[in-house]
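**Student:** First, the structure itself, so that you have it in front of you.
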Amino acid sequence: MSASADSVEEINDTTGVSPWSFIAVQYQSLAQMFLAQADRYGDRVLYRFVREGTWQSVTWREARTRTREIALGLLSLGVGKGDRIAVFSANRF
């Protein structure tokens, strides 16, 4: 079945309200949502990855700390609101 994005929304939305509308009300930005979830889930594992053949885990708290360190590093380089940056990262495939 081929469907447009509008028809998928219509199929999923039986209340007349988007199922994602709570996000706009609860959080003002993606960053604010991430920080709230990091506070909420703290030491729970956020993601896992393989390094040198061994699975590593990163908790919400660790991710928040790493995110802060990256943000402070970018600020120290003079990157500000509205600036664009590129991220180069190893591809897992």
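The values are calculated or read from the model by the stated rules, or taken from the named source; none is laboratory data. In this text the structure is predicted, and so the values were computed from the model without any measurement. Quick reminder, even Gly has a Cβ in these numbers, built from the backbone with ideal geometry, and neighbours come from all protein chains shown. Each accessible area value is taken on the protein alone, full model and side chains, heavy atoms only, with ligands, DNA and RNA left out. Shrake-Rupley method; radii C 1.70, N 1.55, O 1.52, S 1.80 Å.
**Student:** So which residues in segment 59-86 are within 14 Å of the chain's Cα centre (by Cα) and aliphatic (A, V, I, L, M)?
**Tutor:** The one that is within 14 Å of the chain's Cα centre (by Cα) and aliphatic (A, V, I, L, M): 63.
**Student:** Can you run down the residue pairs with Cβ atoms below 8 Å, 6 or more apart or on separate chains, where the first is in segment 61-74 and at negative phi and the partner is aromatic (Phe, Trp, Tyr) and part of a helix (DSSP H, G or I)?
**Tutor:** Sorted first by the residue in segment 61-74, then by its partner, the pairs are 64/34; 67/34.
**Student:** Suppose we filter segment 35-79 for residues that are assigned to a helix (DSSP H, G or I) and farther than 22 Å from residue 90 by Cβ; how many remain?
**Tutor:** Filtering segment 35-79 down to residues assigned to a helix (DSSP H, G or I) leaves 35-41, 60-76.
From what is left, the residues that are farther than 22 Å from residue 90 by Cβ are 35-41, 60-61, 64, 68, 72, 75-76.
Count: 14.
**Student:** I need the full set of residues from segment 57-73 which are open to solvent by less than 60 Å² (accessible area, probe 1.4 Å) and either at pLDDT below 95 or charged (D, E, K, R) (or both), in order please.
**Tutor:** 71
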